[in-house]
Structure formats: C-alpha cells, structure tokens
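Input: a single structure, listed below in structure tokens.
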Amino acid sequence: MNTKLQPIFDTHKGKDGALLPILHDIQHALGYVPEEAVPLIAKQLNLSRAEVHGVITYYHHFRQTPPGKHVVQLCCAEACQANGSEALAAHAAKRLQGADVTLEPVYCLGLCSIGPAVLIGEDELHAHVTPQKFDALMNGLGVKK
Amino acid sequence: MSITIYIPGDAAALAMGADAVADAITAEAMQRNIKIDIVRNGSRGLFWLEPLVEVVTAQGRVAYGPVTKADVPELFAAKFLQGDKHALRLGDIETLPYLAKQQRVSLRRVGIVDPRSLSDYLAQGGGKGLARARKLAPAAIVQQVTDSGLRGRGGAAFPTGIKWKTVLDTTATQKYIVCNADEGDSGTFSDRMLMEGDPYCLLEGMAIAGLAVGANKGYIYVRSEYPHAIAALNAALKDAGDWLGDFSIEVRMGAGAYVCGEETALLESIEGRRGIVRSKPPLPAISGLFGQPTVINNVITFASVPDILAQGAAFYRDLGVGRSRGTLPFQLAGNIKFGGLVEIPFGATLRELLYDYGGGSRSGRPLRAVQVGGPLGAYLPESQFDTVLDYEAFAAVGAVLGHGGIVAFDDTVDMAKQARYAMQFCALESCGKCTPCRIGSTRGVEVIDRIRAGATEQIPLLRDLCDTMTYGSMCAMGGMTPYPVLSALNHFAEDFSAVKAPLPQAGEGLG
Ligand SMILES: Cc1cc2nc3c(=O)[nH]c(=O)nc-3n(C[C@H](O)[C@H](O)[C@H](O)COP(=O)(O)O)c2cc1C
Ligand code: SF4
Ligand code: FES
C-alpha cells in the first residue's frame, strides 16, 4: 500500500487542505479508498484516523469497497425525473442483477435538458437514455444479462 | 489551406455523441485527402441540435445539426465543407430566433471561442476587463462592480460589490478568491457551459476580484460530477502563462455533496474536512478560507465582471428590471421540447421562457408544474407562469429564481411524490449540524408517505414540520426545503388527497 500511496503523497506535498485531492487520487488509482490507506494518510497529514475516516464517509463520491468492473451512475435528480429516470432506474437495477457492475444514483450531471442522463466510468456521458438505449450500452460493455 | 470545423466538446454535446462525429469527420476527411482543423468549442446551448457542427466558409460559420456519425459521408458528398445545402443545414446559427432573441453577456463567447486558446479568447474581446482593472485603484474596481448592480448568481442574489468591499476593507496580508463551481442544482448547467466553453472568462473575473480586494490566490471548487469542466479549466490554467500576473489559481474537486455548494461548507471542504456548514458570523468576507478574508462567488458572477470592467458599469446596470440588473442565463430543463441556455435580461416572464423559447413539453402533454431555482426552489403552477423573471417578483409569489434553473414537468407528474423527493433529498444531503434539517427531513418523508397512503389528516403536521425547518434551520438546505414541499401542497392539493401509494417498506428509496 505504502508504495502505491507515496507518489500520490509526493504530488500533494505542501498543499493546503490536501486531504480531498489525495483521496481523489487514491480512488482514481485504485477504484476506492481501502481501509489500509487510512492510517497512512492520517500519518502523512498529521491527522487522526478518525478524522480521515470521517471525511471518507461524509462524501458520497468516496467508495470504501472495490467497485464492479464498470461503474454506472444514473441521474436521479428532478430534471431527469421529469424525463423518466425513475423507470430507467428500475429497469437498470433489473438488467444489472448479478452483473459485475456498480450502479449508483447521482444527483445531476448538468445534462438536465437531455435526460435521463447516465455517466459510465469517470467521464463517459450519455443523454436521452431509454431502457432500450441502456441495454444497448450495457451490451456494448459486454455486461451479461 | 485547411478548413476549420467546430465540433463542441461540451459535456452535453459529448453525451449526444460529438466525439463519434468528430472521429467520423476526421476519418472521412483523411480518406478524401482534405485538410481540416477541428476546434472543440463549447456548446451554443441549443441542445436539441447537438452535436452541432459548424464549418468556417467564405459565407461565415455555417451550422449543421443534429449530426450523427452516420450522416458524415453524406455531408461530405453534399459539400458541407463549402457550406452547401443538406437537410441538416441550419445556416448561420445566430440567426435562429432562439439565439437571435437572446442577449448574451456572461456566456456570449461560449460556443464561439476556442476554449483551449488564450489568443482566441483575447481576439474575441476577452482580457479587456483585466487590462482596465490593472489601471484602476482597488476601490475603483469595487465601485464599478457596485455600480453595475450585479448580484450573486449562485442563488442568494447578494450584491457582489458590497461583498468585495468588505474584503477590501480588511487588513489581512493573505486573502483568497474562491469560485463556487459546485452547481448542484438540478436543472442548471450554465456554470458548466461557461467553464467548458469559455474558461478564460472565469479566470479573468477571478483575477479582477484579486486586484479589487488584494488577493493573489484563487481556488475553483468544481463538483466531481463535472470531469470535463475540470479538464477544461486545468488546460486553460496550464496555457495561461503570465497573463494572470502574480494571481494563481488552483482547481479543487468536490466529492458529491450537495451541501458543499453552501459557501462555508465549501470552504471546509477545500480545507480538507467534512463539508459541515459553519455558523455565521463571522462572514467568509472577514474570516473565510483558512481563516482569512475571502471573496466567494458563483461562476457566473465572476464571468460577468470582465465585461462590466471593459464596458463600464452602466452597460450592465441598464439591462434588467427593478433591483435585478443585468442578465441571467436561464437554463431550460426537464420535460421541455427545446431545452437549453437562454441568457436574457431580467424582466421577461416564465411563460415566455417555457413556450416562446422552450416550445412547451417534450412529451407533447400540457405542462403542469415548473420548479424554478433548483431542489430548494418552489414548484409553480400554470396560474403563476406570468410571473416576471425578477428576484423580487419571484419572492412575492413565494418562489425563488436561484441560479436560474427551470425544470418543467407535464401533467403526469405526481406532486406529492415530488414533495417527498424534496424531503428525501434534504435527508440525504443534510450536513447534520442542526436538528430541524437533519431530523425534520426524515420525519417529513415519513409524514408524506402516510399522507400519500390516505392519512390526509396529517397535512397540518406536515405544515408544522415545514415551519420548524424554515425558522429553525441554520442554512438554506433545511430552511428552504419547505419551498418545494409547501408549493406542491398549496398549488397541487389534489395530489395529496387521493390515496396514491401504499406505505413503502422500510429502507425503500430512490433507485
Ligand atoms: C445547500 C446550498 C447549496 C448551494 N449550492 C450552491 C452552488 O452549487 N453554487 C453556488 O454558486 N452557490 C450555491 N449556494 C449559495 C452559496 O452559499 C453562496 O451564496 C454563493 O456561493 C455566493 O456567491 P454569489 O454571491 O456569487 O452567488 C448554495 C447554498 C446552499 C444553502
Ligand atoms: S440546515 Fe441542514 S445543511 Fe444547513 S446547517 Fe443545518 S443541518 Fe446543515
Ligand atoms: S437533473 Fe439529471 S442531469 Fe441534471
């Protein structure tokens, strides 16, 4: 773990308020923030483990367990609701049953005129996602039914 | 000579398939041995036309849209590179009524300028505000902003000049400029469009703020849901060179907490802590980031400043109505036919936005309710569609303009369900500091569930609860959640009377 984290710590050395940037880099590199990383981060930033743990758990974005092979985020906020996101969410949950995919709600992707909106991975966006389009996207990723 | 083609790199355009179109155009041009130069611009904000491709021809920029990758060979065959006829040809996009009727100020370069090029920004009139500010005394810069009548565009509409003056009048050696780019409200994307489509404008506004108050360090706090905006800002900063002088800016990424859009929670988050709201006073202007005097403003607030400096305060103040001066970039979202960005001076009506620009619902059914100002904003019924778009006129009908997000719903909407969602969102996003918000929102979900299951005698209880949240919460998260809830109850009472849903099972929630 230490060898994985040291380059990240080095990047942010001397930065004011470095905790969130460090957590982002760790999640970017590993897909989540492992429990073993907490004491190392705490030591690096001269914080208590409880403080670091408190921050990780406070923010919806940070994950404490490894995600599935793909991460799919569905917008569940009002403008997407107005365009049928709830039906899509129900469909997606069914379609992804047993699949190695992490399905998460997200509250607005800034695509509110062209919803329902979906984010796959860190930056792949899709608009007007109907259940049919969702299936096509999942088939494209090779996600088995 | 190579031909310049604009294909938006804006997140909405990407979501509509702009990258695939860019790839197809590159491949087709290569095959035909035509030299082209693709610029990934921002979006013009007419999303039903995305991906919108513009070709620079002898007749000027000629637009085609919405283009799919399958259209590309045909477009080449039709000689679109010379601006020739094709079913998708729109001509000069600026002559379309949707754009021609707007009066863009803050977002006037978005979709036009190359967001990756400082020299293009300067060529398009950028930089003049900063150049002027450099010749003025700090107090004179603040005076310009005060005289413009600019009020914060993040939601609370506080006069920007007054905030800046407070920071200027402090004596600290270290002060900060913080840009609130958390844009968490559903139905809003103007900050995103500006950051992706004209990032230098934001940097310029922040640098001017730095000169105005004596700060040399700025932070832009961008939500993690906006990876493309973050990339655009970082690219712009990398190429800014010494244009910003000794003012330095760092981009910080949020982590999916709506309440971190509240200014003091945002400062906590930059400092590396949980985004818990601070009690005021002290104001951030006196003791903000790392305990130092801090200007914190919304993206659009900063982006309005360069033109105010360059063209003078009067130009901005002369737009608008009442105490709402200048323009607001409205965002038409939800179930709307022509969704997009509409920047106009204050003073039009909601109805004009919904029908003259928006063309009514996307589904073709009647519009029934419109939520204005994000998740903490009221739902307006048809009878209020003639309300003038002005902060005070909205306040007078128990609503808010907020950050200008307009979310339309057709007549299939269940307003009791929307009220429930408002409470649930508050429960999910509450920072937990005060009881009315933390506990009240959860109780609110439960009460609405019972009402929806037929216990209409609990409606007074819901009103009491809203009262407690309104008057007992420390910030607008708990304090304004009653806006959507009570407006739904007051204007759409019928949705709360019939049995709509059985009581949900414990733990049942949103997808
Ligand atoms: C729960 C909550 C969320 C907020 N979210 C945002 C936001 O995403 N963006 C924003 O600019 N202001 C947001 N605000 C308003 C800020 O607290 C603050 O008023 C604003 O950043 C000041 O900048 P302005 O004067 O330029 O509007 C939010 C406020 C609350 C209470
Ligand atoms: S109202 Fe809610 S979000 Fe605001 S301080 Fe209180 S608990 Fe936190
Ligand atoms: S509400 Fe779904 S993208 Fe904004």
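Data for the structure
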| quantity | calculated |
| --- | --- |
| Filter result (within 16 Å of ligand 2 (Cβ to nearest atom) and not in a loop (DSSP other than H, G, I, E, B)) within region B:403-434 | B:A422, B:M423, B:Q424, B:F425, B:C426, B:A427, B:L428, B:E429 |
| Residue that is in contact with a Pro (Cβ under 8 Å, 6 or more places away or on another chain) and either crowded, with 21+ Cβ neighbours inside 10 Å or not assigned by TED's automatic domain parsing to the domain that holds A:V118 (or both), where the choices are A:L45, A:L74 | A:L74 |
| Members of region B:413-472 that are charged (D, E, K, R) and away from ligand 1 (no atom under 16 Å from the Cβ) | B:D414, B:K417, B:R420, B:R443, B:E446, B:D449, B:R450, B:R452, B:E457, B:R463, B:D464, B:D467 |
| Any chance B:G261 is within 16 Å of ligand 3 (Cβ to nearest atom), at pLDDT 95 or above and not hydroxyl-bearing (S, T, Y) | yes |
| Hits in region B:208-219 (condition: away from chain A (no Cβ under 12 Å) and touching a residue at least 60 places away in the same chain (Cβ under 8 Å)) | B:I208, B:A209, B:L211, B:A212, B:V213, B:G214, B:A215 |
| Identity of the residue in region B:260-271, aliphatic (A, V, I, L, M) and facing chain A (nearest Cβ under 10 Å), that ends up nearest to ligand 2 (Cβ to nearest atom) | B:L267 |
| From B:A78, B:A131, residue being farther than 19 Å from B:A20 by Cβ and touching a His at 6+ places or on another chain (Cβ under 8 Å) | B:A78 |
| Scan of region B:178-223 for residues that are more than 24 Å from B:E50 (Cα to Cα) and among the polar types (S, T, N, Q), ordered by number | B:N180, B:N216 |
| Residue list for region B:378-405, restricted to those being within 20 Å of B:G358 (Cβ to Cβ), under 20 Å from the mean Cα position of the chain (by Cα) and either polar (S, T, N, Q) or within 16 Å of ligand 1 (Cβ to nearest atom) (or both) | B:A378, B:F394, B:V400, B:L401, B:G402, B:H403, B:G404, B:G405 |
| Test: residue in region B:436-448 that is at pLDDT 95 or above and not in a helix (DSSP H, G or I) | no |
| Qualifying positions in region B:117-140 - assigned to a loop (DSSP other than H, G, I, E, B) and within 20 Å of B:K165 (Cβ to Cβ) | B:K135, B:L136, B:A137 |
| Members of region B:101-117 that are closer than 19 Å to B:T301 by Cα and of a type in the set (A, V, I, L, M) | B:V105, B:L107, B:V110 |
| Evaluation of A:K94 against (1) within 11 Å of chain B (Cβ to nearest Cβ); (2) exposed (fewer than 14 other Cβ atoms within 10 Å of the Cβ); (3) in contact with a strand residue (DSSP E or B) (Cβ under 9 Å, 6 or more places away or on another chain) (one fails), failing number | (3) |
| Cβ-Cβ under 6 Å pairs, at least 6 apart or on other chains, region B:83-97 side in the same structural domain as B:G60 (by TED's automatic domain parsing), far side of a type in the set (F, W, Y) | B:H86/B:F80; B:L88/B:Y64; B:R89/B:Y64 |
| Unique residue being within 15 Å of ligand 2 (Cβ to nearest atom), of a type in the set (K, R) and touching a Gly at 6+ places or on another chain (Cβ under 7 Å) when the list is B:R278, B:R223, B:R274 | B:R274 |
| Residue in region A:122-143 that is within 16 Å of ligand 1 (Cβ to nearest atom) and at the interface with chain B (Cβ under 7 Å from one of its Cβ atoms) present | no |
| Those helices (runs of 4 or more DSSP H) lying entirely in region B:1-116 with at least 2 residues under 29 Å from the mean Cα position of the chain (by Cα) | B:11-15, B:18-31, B:97-100 |
| Residue that is surrounded by the most Cβ atoms within 10 Å (Cβ to Cβ) [pool: residues in region A:9-29 that are among the charged types (D, E, K, R) and outside any loop (DSSP other than H, G, I, E, B)] | A:D25 |
| All helices (runs of 4 or more DSSP H) inside region B:241-323 with 3 or more residues being within 30 Å of A:R49 (Cα to Cα) and out of contact with any strand residue (DSSP E or B) (no Cβ under 7 Å at 6 or more places or on another chain) | B:263-270 |
| Of residues in region A:119-144 being without any contact (Cβ under 8 Å) to a residue 12 or more places away in the chain and within 26 Å of A:Y32 (Cα to Cα), the one nearest to the chain's Cα centre (by Cα) | A:D123 |
| Of all residues in region B:183-202 being under 28 Å from B:A140 (Cα atoms) and out of contact with any strand residue (DSSP E or B) (no Cβ under 6 Å at 6 or more places or on another chain), the one that is farthest from ligand 1 (Cβ to nearest atom) | B:Y200 |
| Residues of region B:222-240 that turn out to be assigned to a loop (DSSP other than H, G, I, E, B) and either over 20 Å from B:F189 (Cβ atoms) or of a type in the set (D, E) (or both), as a count | 2 |
| Check on A:V72, at pLDDT 95 or above and within 28 Å of B:V259 (Cβ to Cβ) | yes |
| Tally of residues being surrounded by 22 or more Cβ atoms within 10 Å (Cβ to Cβ), within 12 Å of chain A (Cβ to nearest Cβ) and free of Cβ contacts under 8 Å to residues at least 60 places away in the same chain across region B:377-412 | 0 |
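To keep it simple, each residue is scored yes or no on (1) assigned to a helix (DSSP H, G or I); (2) touching a residue at least 40 places away in the same chain (Cβ under 8 Å); (3) away from ligand 2 (no atom under 16 Å from the Cβ); (4) buried (at least 17 other Cβ atoms within 10 Å of the Cβ).
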{"site": "B:G154", "(1), (2), (3), (4)": "no, yes, no, yes"}
{"site": "B:T171", "(1), (2), (3), (4)": "no, no, yes, no"}
{"site": "B:C179", "(1), (2), (3), (4)": "no, yes, yes, yes"}
{"site": "B:E183", "(1), (2), (3), (4)": "no, yes, yes, yes"}
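Yes/no per residue for (1) within 14 Å of another protein chain (Cβ to nearest Cβ); (2) touching a residue at least 60 places away in the same chain (Cβ under 8 Å); (3) farther than 30 Å from B:S304 by Cα:
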position	(1), (2), (3)
B:I7	no, no, no
B:K35	no, no, yes
B:L46	yes, yes, no
B:V72	no, no, yes
B:F80	no, no, yes
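One line per residue, one yes/no per condition, for (1) among the charged types (D, E, K, R); (2) closer than 24 Å to B:G374 by Cβ; (3) touching a Leu at 6+ places or on another chain (Cβ under 8 Å):
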residue: B:E196; (1), (2), (3): yes, yes, no
residue: B:I208; (1), (2), (3): no, no, yes
residue: B:A215; (1), (2), (3): no, no, no
residue: B:H228; (1), (2), (3): no, yes, yes
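The values are calculated or read from the model by the stated rules, or taken from the named source; none is laboratory data. Treat the numbers as computed from the prediction; the structure is a model and nothing was measured. With ideal geometry, Cβ positions are generated from the backbone for all residues, glycine too; neighbour counts draw on all protein chains shown.
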